[in-house]
Amino acid sequence: MTQNAIVVNNNSSSTLAAVDGLVRAGKTSNWSGSGIITSAANATNLHSIGVADNAVAKQSSIFGQAVQSNAVIARYTWNGDANLDGVIGLPDYQKVDQGYVNAYTGWQNGDFNYDGVIGLPDYQLIDQAYVNQGSGLLGAAASNSGAVPEPASLGLLMLGTAALLNRRRRGQ
């Protein structure tokens, strides 16, 4: 699968597990063995094949093809694109945080390296891809992404707020 997607409509619980297993097999063989594979993911280590139940991903279409709400989607995308919309944004960070807190597994919950655990390597993958994603992937609308502030920006904002509050207190 090179810069494309597979959509399996009329999903059952075993369909997600089967598609996930095929992608996992391809990934563990460095995208060259059995399973669903892609040669495009090796070039920069910013991309992968993500798998999600569309009841979670909530995509109405992929590359112009209508997607049923009960479909399973496998898509070439950015590492960290949990909802498979082609961009990394706030919804993707929310999914990985929820997945970590609740000990979920699977791409749609933040297991972006397919090791069965959501942890630091998964956060590193989403952060690296977020910084390098530019305006989107494969025609995805950048407007679908939510802004995720840089940690340094948050620190500066908190420092500025503290300084203003301190100044206000001294003026009284």
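Values quoted throughout were computed directly from the atomic coordinates according to the rules given, and no laboratory measurement underlies them. Everything numeric here is computed off the predicted structure, so don't read it as measured data. Don't worry about glycine lacking a Cβ; one is built from the backbone with ideal geometry, like all the others, and counts go over all protein chains shown.
With semi-axes defined as the square roots of five times the eigenvalues of the C-alpha gyration tensor, the equivalent ellipsoid of segment 59-124 measures 22, 12, 10 Å, largest first.
Residues ASP81, ASP53, arranged from fewest to most other Cβ atoms within 10 angstrom of their Cβ, appear as ASP53, ASP81.
Roughly speaking, what is the stretch gain from ASN45 to ALA17, that is 0.36 nm per residue apart minus the C-alpha to C-alpha distance, in nm to one decimal?
Residue separation times 0.36 nm, minus the Cα-Cα distance, leaves 7.7 nm.
How many angstrom lie between the C-alpha centres of segment 1-68 and segment 77-91? When both Cα centres are located, 13 Å separates them.
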